Amino acid sequence: MAEYKIPEQFLWGGAISANQTEGAFLEDGKGMSAVDILPAGKARAQAIFHPAEAMHTVYDYYPSHEAIDFYHHYKEDIKMLAEMGIKVFRTSISWSRIFPNGDDTCANEKGLQFYDDLFDTCLKYGIEILVTMNHFDTPLALIKKYGGWKDRRVVLCFEKYVRTICKRYKGKVKYWIPLNEINMLMHVPYLGAGLLEEGDALTEKIKYQTAHHQLVASALAAKIAREEDPGCKIGCMLAAGSIYPYSCKPDDVLAALENEHESYFFIDVQSRGYYPSYAKAMFRRKDIEIHMERGDELLLRENTVDFIAFSYYSSRCAAAADGDAGEKAEGNAFLGVKNPYLETSDWGWQIDAKGLRITMHQLYDRYQKPLFIIENGLGAADTLTDDGKIEDDYRIAYHEAHIREMTQAMSEGVELLGYTTWGCIDLISSGSGEMKKRYGFIYVDKDNDGKGTLKRYK
Ligand code: BG6
């Protein structure tokens, strides 16, 4: 049998986000964003789920304020990544660097110039650019003024921001993702959508109305990006990971299916262009009425995505509420049931390379559109040796296993555009704000308290 070969044009690359790397949080006219009020460590989880309180709390240390100072180091960082041979670089544009308050009349020229310089640096090395328009950093002023994305006016602000960046970077940015991990809105509503409600006040109605706004925003972004640059490609992005039933008990299988619907709901709309019937039935059952404006349905229908991007850290496992599955598993903001067959990382995230292959098949079967793995990686505590080396064999093993399964899925017929590893250069953790939880091929000298020289090591 002929051995399968990954096509020459396959996009190997690395991914970061603005809010976890750039720092320079108020430099050159940037405004505050959602993450700029978040501390590190245990207090961060508390703040993410009680954001209204966090807004009025003063913490000792805010990791996003300096992060790895990518804002001032990007030339050196991109050069190193180019030396690694990456072909695509994923980052996000910080909305509040372009519109400091989210709804300013004019865009901040210095912010726009920064991304011009960054993108030109990538292009100089022949690196394609993949941009997330909003990666967990809604401008703080919009959160204070409107309570985040639950208010339709935020969509109008986003539309203007999108028009500005698509016009400015046409011909430079080839791949656009409107919103990072759109389904995360259900799990981390402050990060995903700037929602300040918590507990009983955070109703499903609010979450799904917010989801509608983000879906409309995403369709608008697809429309605008294509108008400005017909050669670009638009993707949706799912925080993915197949959901296995804990057992073959029908109730567990049903629980897994329900969990899947909750995740797929978003990209079903973005990919197919209409609300799925299971969602409409759920809204009726729960008496949730989504307020739509005239033209929304047409907009969704006419502006679907070209490809399905996703992050993959692990599969998940679901059990019926009254079932016999015990322990909960840690994971990327999802609290599933622990899968007894899987190992875990130092942060308790389960590791399932084969699950990537399964996830790829399920997504491709469902959408029949090219996929793009834009996050995958192992968060681990690396140590720098006295002679300036990092012996991260565990990370090499992780990627090797995942790439093997990925290649297998491709050989089995799944169309995949590329693979960008998460945190190709060390960055601050989104969930915990730690530096210690590293993903990178390039080590950055900085610790959990923000101390260090910021020197980079290959
Ligand atoms: C993804 C996010 O959900 O998970 C990233 O898109 C994040 O921003 C990544 O960094 C890993 O999570 P963590 O908490 O280890 O940074």
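The values are calculated or read from the model by the stated rules, or taken from the named source; none is laboratory data. Worth saying up front: this structure is predicted, and the values here are computed from it rather than measured. Every residue, glycine among them, receives a Cβ derived from its backbone with ideal geometry; neighbour counts consider all protein chains shown. Accessible surface areas use protein heavy atoms only, side chains included; no ligands, DNA or RNA. Shrake-Rupley method; radii C 1.70, N 1.55, O 1.52, S 1.80 Å.
Computed packing ranks the peptides 228-239, 337-348, 253-264, 447-458 as 228-239, 253-264, 337-348, 447-458, most packed first, by mean other Cβ atoms within 10 Å. What is the distance in Å between the Cα centres of the stretch 54-78 and the stretch 162-189? Here the answer is 21 Å between Cα centres.
The charge dipole of the chain, taken about its Cα centre with unit charges on the Cβ atoms of Lys, Arg (+1), Asp and Glu (-1) only, comes to about 1140 debye. In this entry, the stretch 151-260 is assigned a mean projected area of 8.6 nm², taken as a quarter of its C-alpha convex hull surface. Below 8 Å between Cα atoms, with a sequence gap of 6+, how large is the relative contact order for the stretch 352-442 in percent? Computed over the stretch 352-442, the figure is 38 percent. Taking the centroid of alpha carbons for each part, the stretch 5-32 and the stretch 247-280 are 31 Å apart. Listed peptides 370-380, 60-70 appear in the order 370-380, 60-70 once ranked by packing, highest mean of other Cβ atoms within 10 Å at the front.
Cβ under 15 Å from T359's Cβ, T359 left aside: what net charge do those residues give with Lys, Arg +1 and Asp, Glu -1? That works out to -2. Charge tally around E375: other residues with Cβ under 13 Å, Lys/Arg +1 each, Asp/Glu -1 each, net 0.
Figure note: I78, I403 ranked by solvent-accessible area, largest first, 1.4 Å probe, ligands and nucleic acids not counted: I403, I78. Of S247, S311, the order by accessible heavy-atom surface (1.4 Å probe, DNA, RNA and ligands excluded), from most exposed downward, is S247, S311.
When DSSP beta bridges are limited to those with both residues in the chain, what percentage is antiparallel, rounded to the nearest 5?
In the chain, DSSP labels about 20 percent of beta bridges as antiparallel.
Alpha-carbon geometry of the stretch 287-411: the Rg and the Dmax are 19.2, 64 Å, given in that order.
Using the alpha carbons alone, the radius of gyration of the stretch 53-208 stands to its Kirkwood radius in an Rg to Rh ratio of 0.99. With kT/(6 pi eta Rh) evaluated at 25 °C and eta = 0.890 mPa s, and Rh the Kirkwood radius from Cα pairs, the stretch 114-206 diffuses with a coefficient of 166 µm²/s according to Stokes-Einstein. Taking all protein chains together and a 1.4 Å probe, the residues M55, M184 rank M55, M184 from largest to smallest accessible area.
The translational diffusion coefficient of the chain, from Stokes-Einstein at 37 °C and 0.692 mPa s with a Kirkwood hydrodynamic radius over alpha carbon pairs, comes to 147 µm²/s.
Rounded to the nearest 0.05, what FRET efficiency do H50 and M84 have when you use their Cβ-Cβ distance and R0 = 41 Å?
Using R0 = 41 Å, I get an efficiency of 0.55.
Overall, the accessible surface of the chain at a probe of 1.4 angstrom is composed of carbon and sulfur to the extent of 51 percent.
If the Kirkwood radius is taken over C-alpha pairs of the stretch 342-389, then at 20 °C and 1.002 mPa s the Stokes-Einstein diffusion coefficient equals 159 µm²/s.
Based on DSSP H segments of at least four residues, each scored -39500 (n - 2.57), the chain has a per-residue ellipticity at 222 nm of -12000 deg cm²/dmol.
The modelled label-to-label distance between A381 and D116, using points 7 Å beyond Cα along the C-beta direction, is 4.6 nm. Available extension along the chain between Y4 and T57 is 13.6 nm, counting 0.36 nm per residue and deducting the alpha carbon span. Among the trypsin sites (Lys or Arg not before Pro) within the stretch 1-91, those in coil by DSSP and having at most 10 neighbouring Cβ atoms inside 10 Å are K5.
For the stretch 70-159, lysine pairs with C-alpha atoms less than 28 angstrom apart, excluding pairs fewer than eight positions apart on the same chain, total 11.
Inter-label distance, I290 to K144: 3.2 nm, where each label sits 7 Å from its Cα along the C-beta direction. Distance between the modelled labels on L298 and A401, one decimal in nanometres: 5.2 nm (7 Å Cα→Cβ projection). If both residues of a DSSP beta bridge must be in the stretch 333-458, then about 65% of such bridges are antiparallel. Remark: the L202-E159 segment gains 12.9 nm on full extension, using 0.36 nm per residue and subtracting the alpha carbon distance. Taking a span of 15 Å or more along the helix axis (Cα atoms) and a mean Kyte-Doolittle hydropathy of at least -1.0 as the rule, the DSSP H helices of the chain that qualify are 70-84, 109-124, 153-168, 204-228, 250-272, 353-367, 393-411. Across every pair of non-identical alpha carbons in the stretch 374-458, the mean reciprocal distance, once inverted, gives a Kirkwood radius of 14.1 Å. Surface analysis of the chain yields an accessible area of 41 Å² per residue, using protein heavy atoms and a 1.4 Å probe. Shape analysis of the stretch 250-317 based on the Cα gyration tensor places the equivalent ellipsoid semi-axes at 24, 19, 8 Å, largest first.
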